[in-house]
Amino acid sequence: MTQALLKENPECRNLYDSIVKGNIEEASLYAKNLVNEYPPLDIIQECMSPAMKYVGDLFERLEIFLPEVLASADAFEAAMKYIGPKLEAQKIATPTKGKVVIGTIQGDIHDLGKNIVALMLKAHGFEVYDLGRDVPVYKFVEKAEEVNADIIAVSALLSTSLPFIKDLVRLLDEKGLRSKRLLMVGGGAVTREWATAIGADGYGENAAEAVKVAIELMQRSKVKGE
Amino acid sequence: MLSFVDIIKRAEEGVKVSEREFDIKWVYNNVKELIKEYDLKYNPEELIPLSEDFIDDVFEAGLNLALKTGIYVVEYGSVIKFSEEEIKEGIKTAPARIMVGEGADSRELYARKTEDQRPPFIMGGQAGAPLPDDLHFIMALSYMQEPIIDGINHGGVAVVNGLEVRTRSPLEALAAIKELINLREAARIAGRPGIHLLAAESGVTAIGDLAAINHEYGLRKTDAHLVPVLNEMKTDWDRLIKAIVFKVRGGINCALVDPVIGGYFGGPVGVAVGFVASFLLSRIVYHADYYIIHPIHHKWVSTSVPEGMWVLATVGQAVSKHTNFILFGDVWTSNGAGSQEIFWEITANTIVNTVTGSHPLGVSATNGKYPHASGLETRFMGEVAHVATRLNRKNANEIALIFTKKYHPYKTQNPDIGKPIYDLYDVKTMTPRDWWLEKYKLAIKEVAEYGLKIV
């Protein structure tokens, strides 16, 4: 957080704290108050995103747990309900590190690991579309097209789900979308070698690595885009 | 005890809640309240809690969690609840000993207690690993030929005739049948045709499981299969079908509970409480006969990390003290067979399990990710478990801490994933290669320095 904003208005610190605590009511209240006085982008970048980053770090060290991260993400979303319309009115795009469509692949009902990755990506500033578990291959593609996702992130705990990830790669190829969408894979059944073999752009051994890789992929794709 | 029909009826009539609400309000909030009420704390300085009061409180909190929360059935979107009498009836009727396996290969599987000096039951294999057909068979041979191994829990067949197995496909049934044929054949070659199998891992849905039930070349009544409690405190139709059909046909249900440390139960303390509740519920819902303690670290997965072993030690003591449940503690390592580090992980993890009321189950090297496992490191697990029966909790804690410091955190973060069985063994003669045997001998010397003399 920049010192200036903090010094000028303690409500920025309050908003930060309410997101860390996962307090929806307070986060809404402070966002509502701040948005009439400060540029919406500044509020996100200086009060809200650092709070989610801090929450992610606490989880990484097991000082807080998944439900608390979930609550913080909800508080962030609640604040965004007031900030989002202002951004729209000013024709400013919501700041994001990238758009990610995420889900556990068809045939796999194990979604806890995926939930952790989705929340950690949110905590680090990604716009995340979580499709849930046992997601049919075509739905990843459909959603990615709909929201113009940068990354499709797929998780599989079971080895019997892995063939469905290969189907996804094939479908992306057939539709000519491989160059448009980055593919990340992870989960208990996925190894680094397998990820490379199917041509995935990134692999995360755990949530922390998934975030790191997603950030790197976005930086690389931006450089490529320039 | 409640019949399976009673269970289904309760699911049909249970309170409807969303999964998200169940995760947060029913599971996490209740766990948090109970931790506060009983003032339960995790002590990172110890692997094995020694306070009897603490162990009693963890059990009581777990019992209360089972009562307050119940179990969620995904397809119904409802919660099944039980009364205290029903849960206690489950405890009272749980088998404290069962005969598993057949003929000369049958063994008595019994409920261990803390600091139990009786020889533990050694369940060997790379549990949970997805393997190609040929590798599955050869690895199975390497476990079957180890006399110290009493029962086998060894991965699933993930590729049949070059075709990858898909969930819910016909191949899932074929893979489970093939898995059992491999295990039975390997058992016969090793001269142990009646050895107990905890198997049918190739099929995750009920399809594979049901296909594998067959006395000649499949799951027998003296064998067991896994019926997991889904994360956290949930079940679904597939799990219920598996539990019901095999039980009705006279088989043995093994409840696998594998919560994530950092997930909906919270940290190590919440996970320990959640384990107790999940075991009590699985006794009623699945009519479980034995149980596996498998804490998953949110980052490192392996059970050999300090938080994982603390949970194993806490749950093992709490459940073995207050019930006659037969418990297995998993041994999942970050390092693979062929490394020296794997022996350090096995040593710490096995000592903790054996001294705190569990039988050891493993070694699932590389957390089952790579097929880098063999009978030799599982022989070592069995040997450590047998000598660890001479330890009390205090000594066990000291030795386990020393070994843990050898691999954690550096070799947990940067594991040596080891090698496949073709590099570890001469598979024509099914003997470990000299270099691999030398590492095993060095490991034996290392544990002997701490009074654990393997003869």
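The values are calculated or read from the model by the stated rules, or taken from the named source; none is laboratory data. Everything quoted here is computed from the prediction, not taken from an experiment. Cβ: placed from backbone, ideal geometry, glycine included. Neighbour counts: every protein chain shown. Heavy atoms of the whole protein, side chains included, go into the accessibility calculation; ligands, DNA and RNA do not. Shrake-Rupley method; radii C 1.70, N 1.55, O 1.52, S 1.80 Å.
For the range B:302-335, which positions are in contact with a Pro (Cβ under 7 Å, 6 or more places away or on another chain) and part of a loop (DSSP other than H, G, I, E, B)?
Once the filter is applied, which keeps residues that are in contact with a Pro (Cβ under 7 Å, 6 or more places away or on another chain) and part of a loop (DSSP other than H, G, I, E, B), the range B:302-335 yields B:Thr303, B:Ser334, B:Asn335.
This table checks each residue for (1) touching a Pro at 6+ places or on another chain (Cβ under 8 Å); (2) open to solvent by 10 Å² or more (accessible area, probe 1.4 Å); (3) of a type in the set (A, V, I, L, M).
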site	(1), (2), (3)
B:Pro120	yes, no, no
B:Gly128	no, yes, no
B:Ile138	no, yes, yes
B:Leu171	no, yes, yes
B:Ile195	no, no, yes
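Looking at the structure I just gave you, is A:Lys97 of a type outside the set (A, V, I, L, M, F, W, C), touching a residue at least 12 places away in the same chain (Cβ under 8 Å) and farther than 14 Å from A:Asn23 by Cα?
Details: of a type outside the set (A, V, I, L, M, F, W, C): yes; touching a residue at least 12 places away in the same chain (Cβ under 8 Å): yes; farther than 14 Å from A:Asn23 by Cα: yes.
Judged against the criteria, A:Lys97 is a match.
Test each condition in (1) within 14 Å of chain A (Cβ to nearest Cβ); (2) outside any strand (DSSP E or B); (3) without any contact (Cβ under 8 Å) to a residue 60 or more places away in the chain; (4) out of contact with any helix residue (DSSP H, G or I) (no Cβ under 7 Å at 6 or more places or on another chain) for B:Gly208 and report the one that comes out false.
(4)
Does any residue of the range A:167-187 turn out to be of a type in the set (A, V, I, L, M, F, W, C), within 14 Å of chain B (Cβ to nearest Cβ), open to solvent by 10 Å² or more (accessible area, probe 1.4 Å) and more than 19 Å from B:Val301 (Cα to Cα)?
Looking through the range A:167-187, at least one residue is of a type in the set (A, V, I, L, M, F, W, C), within 14 Å of chain B (Cβ to nearest Cβ), open to solvent by 10 Å² or more (accessible area, probe 1.4 Å) and more than 19 Å from B:Val301 (Cα to Cα).
Restricting attention to the range B:243-263, and to residues there that are open to solvent by 10 Å² or more (accessible area, probe 1.4 Å) and more than 22 Å from B:Thr412 (Cβ to Cβ), which single residue is nearest to the other protein chains (Cβ to nearest Cβ)?
Result: B:Leu256.
Give me the helices (runs of 4 or more DSSP H) completely within the range B:392-455, filtered to those with at least 3 residues that are open to solvent by 20 Å² or more (accessible area, probe 1.4 Å) and either free of Cβ contacts under 8 Å to residues at least 60 places away in the same chain or more than 19 Å from B:Ile351 (Cα to Cα) (or both), ordered by residue number.
B:393-407, B:410-413, B:434-448
Matching residues to (1) in contact with a Phe, Trp or Tyr (Cβ under 6 Å, 6 or more places away or on another chain); (2) under 30 Å from B:Lys88 (Cβ atoms); (3) in contact (Cβ under 8 Å) with a residue 12 or more places away in the chain:
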residue	(1), (2), (3)
B:Pro306	no, no, yes
B:Ala313	no, yes, yes
B:Val319	yes, yes, yes
B:Glu341	yes, no, yes
B:Gly362	no, no, yes
B:Gly368	no, no, yes
B:Pro371	no, no, yes
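Those residues that are within 23 Å of the chain's Cα centre (by Cα) and within 14 Å of another protein chain (Cβ to nearest Cβ), I need them from the range B:174-202; list them, please.
B:Ala175, B:Ala176, B:Lys178, B:Glu179, B:Ala200, B:Glu201, B:Ser202
Hey, among B:Gly274, B:Gly266, which residue is within 12 Å of another protein chain (Cβ to nearest Cβ), open to solvent by less than 10 Å² (accessible area, probe 1.4 Å), in a helix (DSSP H, G or I) and modelled with pLDDT of 95 or more? Please lay out each step first, then the result.
Working: B:Gly266 fails: in a helix (DSSP H, G or I).
Of B:Gly274, B:Gly266, the one residue that is within 12 Å of another protein chain (Cβ to nearest Cβ), open to solvent by less than 10 Å² (accessible area, probe 1.4 Å), in a helix (DSSP H, G or I) and modelled with pLDDT of 95 or more is B:Gly274.
For the range B:104-172, which strands (runs of 3 or more DSSP E) that fit wholly inside it have 2 or more residues that are among the hydrophobic types (A, V, I, L, M, F, W, C)?
In the range B:104-172, the matching strands (runs of 3 or more DSSP E) lie at B:156-160.
Restricting the search to the range A:132-162, which residues are surrounded by fewer than 24 Cβ atoms within 10 Å (Cβ to Cβ), within 14 Å of chain B (Cβ to nearest Cβ) and of a type in the set (Gly, Ala, Ser)?
Across the range A:132-162, the qualifying residue is only A:Gly132.
Output yes when any residue across the range A:4-11 is within 30 Å of A:Leu171 (Cα to Cα) and part of a loop (DSSP other than H, G, I, E, B), and no when none is.
Checked the range A:4-11: no residue is within 30 Å of A:Leu171 (Cα to Cα) and part of a loop (DSSP other than H, G, I, E, B).
Scan the range B:289-304 residue by residue and report those that are touching a residue at least 60 places away in the same chain (Cβ under 8 Å) and more than 14 Å from chain A (Cβ to nearest Cβ).
Initial filter on the range B:289-304 (touching a residue at least 60 places away in the same chain (Cβ under 8 Å)): B:289-290, B:292-293, B:300-302, B:304.
Result: B:Asp289, B:Tyr290, B:Ile292, B:Ile293, B:Ser304.
Since B:Tyr286 meets every condition but one in (1) closer than 30 Å to B:Glu33 by Cα; (2) within 14 Å of chain A (Cβ to nearest Cβ), which condition does it not meet?
(2)
I'd like the residue in the range B:354-380 that is assigned to a loop (DSSP other than H, G, I, E, B) and closer than 19 Å to B:Asn397 by Cα and, out of all such residues, is nearest to the other protein chains (Cβ to nearest Cβ).
Applying the first criterion (assigned to a loop (DSSP other than H, G, I, E, B)) to the range B:354-380 yields B:357-358, B:369-374.
When the remaining residues are screened for being closer than 19 Å to B:Asn397 by Cα, the result is B:357-358.
Values: B:Gly357: 25, B:Ser358: 23 Å.
That would be B:Ser358.
Would you mind finding the one in B:Lys32, B:Lys41, B:Lys25, B:Lys9 that is among the charged types (D, E, K, R), part of a helix (DSSP H, G or I) and under 24 Å from B:Gly316 (Cβ atoms)? Break it down into steps so the answer makes sense when it comes.
Working: B:Lys41 fails: part of a helix (DSSP H, G or I); B:Lys25 fails: under 24 Å from B:Gly316 (Cβ atoms); B:Lys9 fails: under 24 Å from B:Gly316 (Cβ atoms).
Unique residue meeting the criteria: B:Lys32.
May I ask you to list pairs of residues, at least six apart or on different chains, whose Cβ atoms are under 8 Å apart, with the first in the range B:51-76 being away from chain A (no Cβ under 14 Å) and touching a residue at least 24 places away in the same chain (Cβ under 8 Å) and the second being open to solvent by 40 Å² or more (accessible area, probe 1.4 Å) and assigned to a strand (DSSP E or B)?
Cβ pairs passing all conditions: B:Tyr76/B:Lys16.
Step by step: first the residues of the range B:12-22, then only those that are touching a residue at least 12 places away in the same chain (Cβ under 8 Å) and assigned to a helix (DSSP H, G or I), then the one that is most open to solvent (accessible area, probe 1.4 Å). Which residue is that?
Within the range B:12-22, the match that is most open to solvent (accessible area, probe 1.4 Å) is B:Glu13.
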